[in-house]
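Colleague: Questions regarding the structure given below will be posed in turn.
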Amino acid sequence: MIIPFLKGLGKTLEQCFRKPITIRYPEEKREVSERFRGHPRLLTDPQGRPLCVACCLCATVCPSFAITIEAATDGMHQKYPRRFVVDLARCIYCGFCEEACPKAAIKLNRRYELAQYDRNLLIYDKEQLLKSD
Amino acid sequence: MDWAALVIVTLVKSLLLIVILLTAVAYATLMERKVLGFMQLRLGPNRTGPWGLLQPLADGIKLLFKEDLMLPVAERSLYALAPAISAVAALAPFLAIPFADRVAPDTITFWGRTIDLAQYSLNRGVVADLPGGVLFILAISSLGIYGVVIGGWASDNRYSLLGGIRVTAQMISYELALGMAIIGVLMVAGSMRMSAIVEAQRNIWFIVYQPFGFVIYLIAALAEACRTPFDLIECENELVAGYHTEYSSMKFGLFQLAEYAHIITISAIATTLFLGGWQGPWLPSGVWFVGKTFALVFFFIWVRATFPRVRFDQLMDFGWKLLLPAALANILLTGVILVVWR
């Protein structure tokens, strides 16, 4: 009856000297996995033009209707999004848009610190989506 | 006016002791949170000051600025009195515990007047070296129950009342075993004076003569201070927060203070009775005393991190059917050995 008690005490003392699994969060940040699903971003080609062709597949597949796209054409037959808005307050970070995109133009990045005081600040337009890596 | 000077010296000494004790209490809370944190693979408080060292200060300030709720239905005077009783009963026993060998020279000269401190042993590291010191300590620390049960009653809340009743039953049951565990030490030391008990441990600590007594004392002390695994007064799933459910602000702070002061006091008593008090080689006596006491406080926290809470019937069974007979057997054994030996 006594031995298990002592064993338990020994176990807790042993834990005392192990490295804590928590971190000092704002100073140290948790390293997220390579496949982490942060918020969506738009990719560009080497010339810096958005890869998106405004096919609206991502907006269609999006289960939470977070993506709004207004398509436009320029010159010959190149379609491009005039407006591309992602409401991060609606986004559920499922990554369906990334899977649906035929041009691999939209991708979830690894950022997870998205808290804001104002809801409107979470509505990202095309420029913000292009900038955020 | 020799006695006036002595009174002043005693008052100053008690005041200093209380201030140091309160600081120790504040840091015992930090120690508890830190040690628990490390044992649960967390970091514990680390936001306030380096390594979280200002956390007790922040807690105190927060408690002071909280709204002091006055219940409309409560018995106001009793409601206000309860935390004070708890705190005083937890702090007062410290006045009879010798915490160091010698803290002042034999005589001091003050405004051209020479005061003989050695006359009333005021130069010793104890405020009141009473002939029946152990009795005084036991008597005062059991008064703490009144604070708890009055607080539970005056809150006019079922949870508080049940918590108060529970803790009363628990403390009365375990006080018996606690007292019995101490009797073995008194038999070996042959005195109730705390300083004499410390003096008797000059060569060998009483934990060697009284190992069972020490274990029984520690277990009873856990129950007495209402610590895990006997912290039934604050088992949230049954009693919300027990007797201090309805308390807020500094009144709650006083209860909290009483709880930690009780732990420190009970550790200090164990240090004095079983671990040789302030005696130890090389280091100053006060350091030894504080070190031993906080080693026991660490043990209390360690136990909290390890064991789950017992059920109330298990608690009563254990106290009456196992701990008390064991303590009595310990007294018998000590008596027989003492008679045979002498």
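Colleague: Of the residues B:THR245, B:THR265, only one is of a type outside the set (A, V, I, L, M) and closer than 30 Å to B:GLY132 by Cβ; which?
Modeller: Exactly one residue qualifies, and that residue is B:THR265.
Colleague: I want to confirm something. Restricting to the range B:239-256 and keeping residues that are surrounded by fewer than 19 Cβ atoms within 10 Å (Cβ to Cβ) and not in a helix (DSSP H, G or I), which single residue is farthest from the chain's Cα centre (by Cα)?
Modeller: Top of the filtered list is B:VAL240.
Colleague: Continuing with the same structure: Going residue by residue through the range B:223-242, is there one that turns out to be hydrophobic (A, V, I, L, M, F, W, C) and at pLDDT 85 or above?
Modeller: yes
Colleague: Restricting attention to the range B:23-75, which residues are surrounded by 15 or more Cβ atoms within 10 Å (Cβ to Cβ), under 24 Å from the mean Cα position of the chain (by Cα) and among the β-branched types (Val, Ile, Thr)?
Modeller: Within the range B:23-75, B:VAL25, B:THR29, B:VAL35 meet the criteria.
Colleague: Quick one: is B:GLU224 surrounded by fewer than 24 Cβ atoms within 10 Å (Cβ to Cβ) and in contact with an Asp or Glu (Cβ under 9 Å, 6 or more places away or on another chain)?
Modeller: So B:GLU224 fails the test.
Colleague: Additional query: Restricting the first residue to the range A:5-17 and requiring it to be facing chain B (nearest Cβ under 7 Å), which pairs with a second residue that is in a helix (DSSP H, G or I) and of a type in the set (Val, Ile, Thr) meet a Cβ separation below 8 Å and a spacing of at least six or different chains?
Modeller: A:GLY8/B:THR306; A:LEU9/B:VAL303; A:LEU9/B:THR306; A:THR12/B:THR306; A:CYS16/B:VAL35
Colleague: May I ask you to list pairs of residues, at least six apart or on different chains, whose Cβ atoms are under 8 Å apart, with the first in the range A:19-37 being under 26 Å from A:GLU98 (Cα atoms) and away from every other protein chain (no Cβ under 14 Å) and the second being of a type in the set (A, V, I, L, M, F, W, C) and not in a loop (DSSP other than H, G, I, E, B)?
Modeller: Partner pairs satisfying both residue conditions: A:PHE36/A:LEU108; A:ARG37/A:LEU108.
Colleague: Is it true that some residue in the range A:15-35 is closer than 30 Å to B:ARG304 by Cα and not in a loop (DSSP other than H, G, I, E, B)?
Modeller: Yes, that holds for at least one residue.
Colleague: Here is a follow-up. In the range A:99-133, what residues are in contact (Cβ under 8 Å) with a residue 24 or more places away in the chain and aromatic (Phe, Trp, Tyr)?
Modeller: A:TYR112, A:TYR124
Colleague: Same structure, new question: Got a sec? Which of B:LEU36, B:LEU57, B:LEU43 is of a type outside the set (Asp, Glu) and more than 14 Å from chain A (Cβ to nearest Cβ)?
Modeller: Unique residue meeting the criteria: B:LEU57.
The values are calculated or read from the model by the stated rules, or taken from the named source; none is laboratory data. If you're wondering where the values come from, they're calculated on a predicted model, not measured in any experiment. All Cβ positions, even for glycine, are placed from backbone atoms using ideal geometry, and neighbour counts span all protein chains on display.
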